[in-house]
Structures are given as C-alpha cells and as structure tokens.
C-alpha cells in the first residue's frame with residue numbers, strides 16, 4: 001500500500017494512544033496496512049508509537065501480526081526496547097524480550113552511543129534495570145514466523161509476575177549482567193553522561209550500589225536528590241555577592257535555577273533584580289513557594305520592635321534617674 005490517508009493515520013495513532021487494540025487491528029486489516037508503515041513527521045512505526053505511549057495491548061497485537069519489533073527510529077536509532085526502557089515501561093520491556101514470535105536484539109547503541117540498559121540506568125529506572133540484570137532469563141526461544149500462535153499470557157499475569165518478582169531467577173549470566181559487571185562500566189563516565197544529556201539528577205552512586213547489592217525494587221532506597229535540595233533551600237538564599245562571571249557561566253549552562261547559596265539570615269535585602277530573578281527560578285524548579293520579602297519584612301519589624309523596646313526601656317530608666325535627681329536636690 002502506498003500513501004495512507006491522513007484520517008486513517010490519525011485514527012491509528014488515537015487507537016494506539018488509547019491502547020484499543022481491536023480498533024487498531026480493524027484499521028490495519030481493513031486497509032491492508034503495510035508492516036513497514038511509518039506515521040507522523042518523526043517517521044515512527046506503529047510498534048515505536050506503542051512504546052512511546054506505553055500501549056501494551058496494541059504492542060502485543062502488533063507482535064502477533066509480525067510487525068518488526070527491532071526497527072530503529074528514524075534520526076535517533078532508538079529501538080522499541082530502548083524506548084520502553086527509557087520511559088520505564090516494565091511490562092513492555094518484559095513483552096518485547098519474552099515473546100515467541102521474534103527475537104529482540106539487545107544492547108544496540110543509538111546515536112548518542114547508549115544502549116537500552118544504559119538509558120534506563122541514567123534515568124533512574126530501577127525496576128527495569130533490576131529486571132534486566134537479575135530476572136530476565138535468556139533462552140533459546142523457538143521463533144517460528146509461520147506459526148501465528150503467540151503466547152496468550154494476559155497482561156495481568158505479566159504485571160503480577162513483575163510486581164511479585166516471581167519470574168524465575170537464573171544463575172546463568174545474561175548479556176546485561178555481563179555488560180554491567182564489565183570493567184568498562186565506569187560510574188564516573190555515566191555521571192558525566194547524566195549532566196551532558198540533561199537527564200534527571202538523582203543519586204546515581206546509591207543507585208549503582210543498590211543494583212550491585214541486588215536490593216529488591218520494593219526495598220530500595222529513595223534515590224531522589226530533590227527532597228534534600230528542597231529542605232536545604234528552606235534555610236538558604238542565593239548569594240547576592242555572586243560574580244558576574246560565574247552568573248554568565250550559569251546562563252550558558254542553562255543553570256539559572258542553581259545559584260551559589262548562603263545562609264538565609266546573612267542577607268538583609270531581597271528586593272534587587274538579581275535576588276528576585278534567582279528566587280523565581282528556584283521556585284519554578286523545586287516548587288518552593290516562599291515569600292522572602294515577607295520574611296524580610298517580618299525580620300525588619302522584629303528589629304524595629306526590639307529597638308522600640310530598647311528605647312522605651314531607656315526612657316523609663318531616664319525618667320527614674322530624673323526622679324532620683326529631683327528627690328536628691330529637694331533634700
């Protein structure tokens with residue numbers, strides 16, 4: 001089939017987005033859709049769209065219809081398995097690696113030089129990483145393209161197996177575990193990747209150590225750094241004495257939200273353009289809604305009150321001294 005009418009494309013995408021595999025299948029069969037068809041400006045295949053939307057029922061149906069699960073994404077060379085690992089779709093990862101129709105090609109690098117395990121690792125997708133390392137069992141599956149029968153495990157069963165970690169563990173090393181234990185897998189390299197690719201910032205060191213120790217996903221620690229950062233910001237403010245050189249460097253790195261910090265009590269004025277801009281950027285990045293001007297006003301009011309109290313006390317002492325002088329002079 002040549003060009004597809006745009007309304008058909010639109011309906012196909014809508015049904016994949018809704019994970020309505022029956023309506024999707026009906027359009028495919030009714031219009032004799034080519035298995036290599038690509039849709040939208042990104043030229044993504046139907047399988048690739050399934051992995052972006054997390055549509056497991058549609059993915060399962062397309063595998064049954066023998067759509068290619070290893071087709072690389074145009075311009076990025078991301079495989080469907082890479083996309084599923086990137087967005088933490090553990091059920092899709094399981095299905096792609098454990099179907100009896102096609103062998104899923106593993107550890108294939110994209111244009112950024114990353115494979116599916118590395119992207120899951122860099123994005124903090126612990127459950128996916130743990131599954132690939134310790135629960136995924138490589139088997140010599142009998143892939144039979146002429147056999148239209150696919151394993152009819154329902155999605156609930158897949159989810160239950162993953163959630164309860166009932167997938168059979170194997171002592172045999174799989175490709176992912178070999179890759180992870182290889183001496184070339186250096187943590188410092190991935191810390192650099194994390195910053196360069198603007199991936200989510202989390203405690204990658206703790207993440208790495210937890211995987212090494214085979215800590216159950218349900219018992220793993222919190223790898224987030226945002227809570228600690230938010231707690232720290234409650235008592236800190238941007239340093240008003242930051243140099244323009246450092247400020248410009250942060251602009252070039254797109255790090256306006258990450259200024260040098262000083263103790264909140266060391267700053268008396270918050271009304272400069274620099275302070276207002278920095279506090280706004282921090283508020284947007286970490287969701288902190290603190291009225292620093294109000295805090296400063298309260299501080300000023302407290303200082304004024306203390307000063308007034310001192311003046312009142314001084315006046316009272318002066319009055320007492322005057323009365324004493326009068327009594328002394330009268331004697």
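Residues 117, 130: which one is farther than 20 Å from residue 19 by Cα and touching a helix residue (DSSP H, G or I) at 6+ places or on another chain (Cβ under 6 Å)? Being farther than 20 Å from residue 19 by Cα and touching a helix residue (DSSP H, G or I) at 6+ places or on another chain (Cβ under 6 Å) holds for just one of 117, 130, which is 117. Only one entry of 74, 94 meets the criterion of being in the same structural domain as residue 129 (by TED's automatic domain parsing) and not in a helix (DSSP H, G or I), and that entry is 74.
Taken over segment 42-71, the criterion of being part of a loop (DSSP other than H, G, I, E, B) and within 17 Å of residue 110 (Cα to Cα) is satisfied by 42, 43, 69, 70, 71. Counting only residues that are out of contact with any helix residue (DSSP H, G or I) (no Cβ under 6 Å at 6 or more places or on another chain), surrounded by 11 or more Cβ atoms within 10 Å (Cβ to Cβ) and outside any helix (DSSP H, G or I), segment 175-215 holds 7 of them. Take the residues in segment 32-41 that are within 14 Å of residue 10 (Cα to Cα) and part of a loop (DSSP other than H, G, I, E, B); name whichever of them is farthest from the chain's Cα centre (by Cα). By that ranking, first place goes to 33. Checking each residue in segment 231-254 for being exposed (fewer than 14 other Cβ atoms within 10 Å of the Cβ) and modelled with pLDDT of 65 or more picks out 234, 235, 241, 243, 244, 245, 246, 248, 249, 251, 252.
The values are calculated or read from the model by the stated rules, or taken from the named source; none is laboratory data. Given the structure is predicted, the values throughout are model-derived calculations rather than measurements. For neighbour counting, all protein chains shown are included, and Cβ atoms are generated from backbone atoms with ideal geometry for every residue, glycine included.
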